[in-house]
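Scroll down for the structure; my scribbles are underneath it.
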Amino acid sequence: MTKISNINSPQTRTAQAGIGDDPAFNAVTPPLYTSSTYVWPDMETKGPYDYGRTVNPTRDMLARALTRLEGGAGGVITNSGMAAVDLCLNLINADALVLAPHDCYGGTHRLLTHRARQGRLKVVFVNQADAAALDEAFAARPAMVLIETPSNPLMRLVDIDAMAQRARNLGAISVCDNTFMSPARQNPLAFGCHIVLHSTTKYINGHSDVVGGAVIAGTSGHAEQLHWWANTAGLTGAPFDSWLTLRGLKTLHARMDVQEGNARALADYLAAHDQVDRVYYPGLESDPGYNLARQQQSGPGAMLSFEIAGDFRRAKTFLSNLHIFQLAASLGGTESLICQPALMTHAGMDPAARREAGIQDNLIRVSAGMEALEDLIADFERAFQSAA
């Protein structure tokens, strides 16, 4: 069995996730356990596994792997990224205040907005780059501080260390959505966050064939609470989905290296293009988050956005003439994906909230894949010519 605890390299930990951990037959690759229930030694003695909603060996392997990669104390695998967000909300009392970024993922914005309308919590959406607005929000003493860095879709960065420290000073729980960066590029727990969450649908699985989520806690106390609520609310992920995600995880670093390289080159290409008004990518020296990215990320990642010169019709014409980039709302797969956030990923946000966040109709979001760079640029060039 691999002595994974003695390995320090994240890349090796990722490649070795679940390898040699089969207690039954010493299989090299992780087995898939699909059983919904397990035999008790006797009616007064419960073994380590009893019921599939509560515990599952395959799901546990994935949870252990992600916990090690994030440097946490324990983790829960959920059935979606939104289930991961909702699971965290169970850690605060009814009517407690959540401080959230005004430019967060549309699904998160929708969830928090409607939980607030139910009276389950209070929420304030804040431009977390606005010092005065942030001071006012913290003065209201939030119970939970949600961080999304880089933000979806505008790639705005937040100082994780500073936000986590302010939350700790108030006794608030800090939660960082690390979906865009993955553990290959950012580890929020190392900067003081209490909890990190992922939509494992994206880079962690990396093949656009599984929907899932993960929540990793920095302390055993929070980990135990999260496990209890995940079991109670039935939020845990399916064994097969966990097995596929663990399989995809092994190539995370290799995929991210290639995709990030393509994203860097695409950002440079777009920044110099006369049909582009603005590029959002923290790997560009001109980006406001460039210096902060170098402090808290090991790379700028493979996501970027840009505003095409013109209006919605120009954006529509551009997107309609792409052949390699697939028009789809997800991200993080080996294939290059592209979308128009206002109508796709953030359609659930009120139009006024989208405008306040800076999500314009000519904004286009790109998830760089692993295709040959020259083919990706040629695809963009053809679409720009069509939109000219």
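Here are some residues: 58, 14, 29, 67. Which one is of a type outside the set (Lys, Arg) and in contact with a Lys or Arg (Cβ under 7 Å, 6 or more places away or on another chain)?
Numbers: 58 fails: in contact with a Lys or Arg (Cβ under 7 Å, 6 or more places away or on another chain); 29 fails: in contact with a Lys or Arg (Cβ under 7 Å, 6 or more places away or on another chain); 67 fails: in contact with a Lys or Arg (Cβ under 7 Å, 6 or more places away or on another chain).
Within the list 58, 14, 29, 67, the selection yields 14.
Yes or no, residue by residue, for (1) touching a helix residue (DSSP H, G or I) at 6+ places or on another chain (Cβ under 6 Å); (2) on the phi > 0 side of the Ramachandran plot; (3) not hydrophobic (A, V, I, L, M, F, W, C):
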| site | (1), (2), (3) |
| --- | --- |
| 7 | yes, no, no |
| 36 | no, no, yes |
| 43 | no, no, no |
| 52 | no, no, yes |
| 72 | yes, no, yes |
| 81 | no, no, yes |
| 99 | yes, no, no |
| 103 | yes, no, yes |
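Considering only residues that are buried (at least 18 other Cβ atoms within 10 Å of the Cβ) and out of contact with any strand residue (DSSP E or B) (no Cβ under 8 Å at 6 or more places or on another chain), which ones fall in the range 339-356?
Of everything in the range 339-356, those that are buried (at least 18 other Cβ atoms within 10 Å of the Cβ) and out of contact with any strand residue (DSSP E or B) (no Cβ under 8 Å at 6 or more places or on another chain) turn out to be 346, 349, 354.
Take residue 379 and decide whether it is of a type in the set (Asp, Glu) and buried (at least 18 other Cβ atoms within 10 Å of the Cβ).
Values: of a type in the set (Asp, Glu): yes; buried (at least 18 other Cβ atoms within 10 Å of the Cβ): yes.
Criteria met by residue 379.
Need pairs with beta-carbon distance below 6 Å; first residue not assigned by TED's automatic domain parsing to the domain that holds residue 96 and crowded, with 24+ Cβ neighbours inside 10 Å and within the range 137-164, second in a strand (DSSP E or B) and modelled with pLDDT under 95; sequence gap 6+ or separate chains.
none
Mind checking which pairs have a first residue in the range 45-73 that is under 11 Å from residue 35 (Cα atoms) and free of Cβ contacts under 8 Å to residues at least 60 places away in the same chain and a second that is surrounded by fewer than 21 Cβ atoms within 10 Å (Cβ to Cβ) and aliphatic (A, V, I, L, M), Cβ under 8 Å, 6 or more apart or different chains?
Hits for this filter: 49/55.
Check every one of the strands (runs of 3 or more DSSP E) wholly within the range 59-148 and list those with 1 or more residues that are among the small types (Gly, Ala, Ser) and in contact with a strand residue (DSSP E or B) (Cβ under 6 Å, 6 or more places away or on another chain).
So the answer is 74-78, 97-101.
Which one of 19, 77, 7 is within 19 Å of the chain's Cα centre (by Cα) and farther than 30 Å from residue 129 by Cα?
Details: 19 fails: within 19 Å of the chain's Cα centre (by Cα); 7 fails: within 19 Å of the chain's Cα centre (by Cα).
When all the criteria are applied, what remains is 77.
Given the options 94, 27, name the one that is under 19 Å from residue 229 (Cβ atoms) and either free of Cβ contacts under 8 Å to residues at least 12 places away in the same chain or out of contact with any Pro (no Cβ under 6 Å at 6 or more places or on another chain) (or both).
That would be 94, the only listed residue that is under 19 Å from residue 229 (Cβ atoms) and either free of Cβ contacts under 8 Å to residues at least 12 places away in the same chain or out of contact with any Pro (no Cβ under 6 Å at 6 or more places or on another chain) (or both).
The values are calculated or read from the model by the stated rules, or taken from the named source; none is laboratory data. Worth saying up front: this structure is predicted, and the values here are computed from it rather than measured. Glycine also receives a Cβ, built like all others from the backbone with ideal geometry; neighbour counts cover every protein chain displayed.
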